[in-house]
1. Only one of S71, S43 is out of contact with any Pro (no Cβ under 6 Å at 6 or more places or on another chain), assigned to a strand (DSSP E or B) and of a type in the set (S, T, N, Q); which?
2. Mind checking which residues of the stretch 51-68 are surrounded by 10 or more Cβ atoms within 10 Å (Cβ to Cβ), part of a loop (DSSP other than H, G, I, E, B) and touching a Gly at 6+ places or on another chain (Cβ under 9 Å)?
3. Six or more apart or on different chains, Cβ under 9 Å: which pairs go from a residue in the stretch 59-80 that's touching a residue at least 60 places away in the same chain (Cβ under 8 Å) to one that's of a type outside the set (G, A, S) and assigned to a loop (DSSP other than H, G, I, E, B)? Could you list them?
4. Every residue in the stretch 15-26 that is at pLDDT below 75, surrounded by 10 or more Cβ atoms within 10 Å (Cβ to Cβ) and among the hydrophobic types (A, V, I, L, M, F, W, C), please.
5. Write out, first by first residue and then by second, each pair whose Cβ atoms fall under 6 Å of each other, whose residues are 6+ apart or on separate chains, and whose first residue, in the stretch 111-139, is closer than 15 Å to N96 by Cα while the second is open to solvent by 100 Å² or more (accessible area, probe 1.4 Å).
6. Is it the case that the stretch 74-94 has a residue that's closer than 20 Å to G136 by Cβ and of a type in the set (K, R)?
7. Being modelled with pLDDT under 90 and either in contact with a Phe, Trp or Tyr (Cβ under 7 Å, 6 or more places away or on another chain) or hydrophobic (A, V, I, L, M, F, W, C) (or both) narrows it down to one residue among A115, A93, A89; which is it?
Amino acid sequence: MIQLIMQKITRRNALGFLGGALATSLLPNYSFSSEKTVNEIISEISKGTAVDNVRIDIDIPQQVENGRSVSIAFEIHTPMTPENFVKSAYIVADGNPEPVAATFNFTPFSGSCYAKTRIRLFKTQNVHVLALFSDGSFG
């Protein structure tokens with residue numbers, strides 16, 4: 001048999017519990033982080049450098065049953081020579097609490113700029129791929 005022991009609750013503890021319950025009920029969606037737009041995220045990554053249009057093929061399903069593990073693949077069409085290659089590629093999911101979902105680094109010895117991974121998507125959202133080239137430009 002379980003024996004329950006009653007404890008006295010002080011007025012200070014009761015007010016603390018009531019204040020916490022009130023704050024939780026009034027501010028259920030309050031977050032200490034702020035949502036950033038895709039343009040702000042890309043501007044932070046590119047440090048204000050203009051982003052050019054580059055052919056990037058992205059393979060991601062239109063709809064998934066579960067956002068915990070979504071397969072995504074991308075290919076950036078570039079010659080991958082020592083003079084012109086993709087240094088880094090960023091996958092940005094604008095609806096996630098942490099928008100930069102993945103970062104990939106490449107060298108001219110990679111041969112091609114292709115990657116495949118699985119990411120977690122928080123909700124239905126747009127997914128973007130941003131490429132940093134060896135000359136410092138973004139696409």
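The values are calculated or read from the model by the stated rules, or taken from the named source; none is laboratory data. Note that the structure is predicted; figures quoted are calculated from it, not measured. For neighbour counting, all protein chains shown are included, and Cβ atoms are generated from backbone atoms with ideal geometry for every residue, glycine included. Side chains included, ligands, DNA and RNA excluded: accessible areas come from the protein's heavy atoms. Shrake-Rupley method; radii C 1.70, N 1.55, O 1.52, S 1.80 Å.
1. S71
2. Answer for the stretch 51-68, where residues must be surrounded by 10 or more Cβ atoms within 10 Å (Cβ to Cβ), part of a loop (DSSP other than H, G, I, E, B) and touching a Gly at 6+ places or on another chain (Cβ under 9 Å): D52, V54.
3. Once the first residue is touching a residue at least 60 places away in the same chain (Cβ under 8 Å) and sits in the stretch 59-80, its partners that are of a type outside the set (G, A, S) and assigned to a loop (DSSP other than H, G, I, E, B) give I76/V54; I76/R55; I76/F106.
4. A21, L22, A23
5. Pairs that qualify, where the first residue is closer than 15 Å to N96 by Cα and the partner is open to solvent by 100 Å² or more (accessible area, probe 1.4 Å), are R120/R68.
6. Scanning the stretch 74-94, I find at least one residue that is closer than 20 Å to G136 by Cβ and of a type in the set (K, R), so the answer is yes.
7. Details: A115 fails: modelled with pLDDT under 90; A89 fails: modelled with pLDDT under 90.
Only one candidate passes the filter, namely A93.
Per-residue answers, yes or no, for (1) of a type in the set (D, E, K, R); (2) touching a strand residue (DSSP E or B) at 6+ places or on another chain (Cβ under 6 Å); (3) open to solvent by less than 20 Å² (accessible area, probe 1.4 Å):
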residue: D94; (1), (2), (3): yes, no, no
residue: P97; (1), (2), (3): no, no, no
residue: F104; (1), (2), (3): no, yes, no
residue: F109; (1), (2), (3): no, no, no
residue: Y114; (1), (2), (3): no, yes, no
residue: R118; (1), (2), (3): yes, yes, no
residue: L121; (1), (2), (3): no, yes, no
residue: H128; (1), (2), (3): no, yes, no
residue: G136; (1), (2), (3): no, no, no
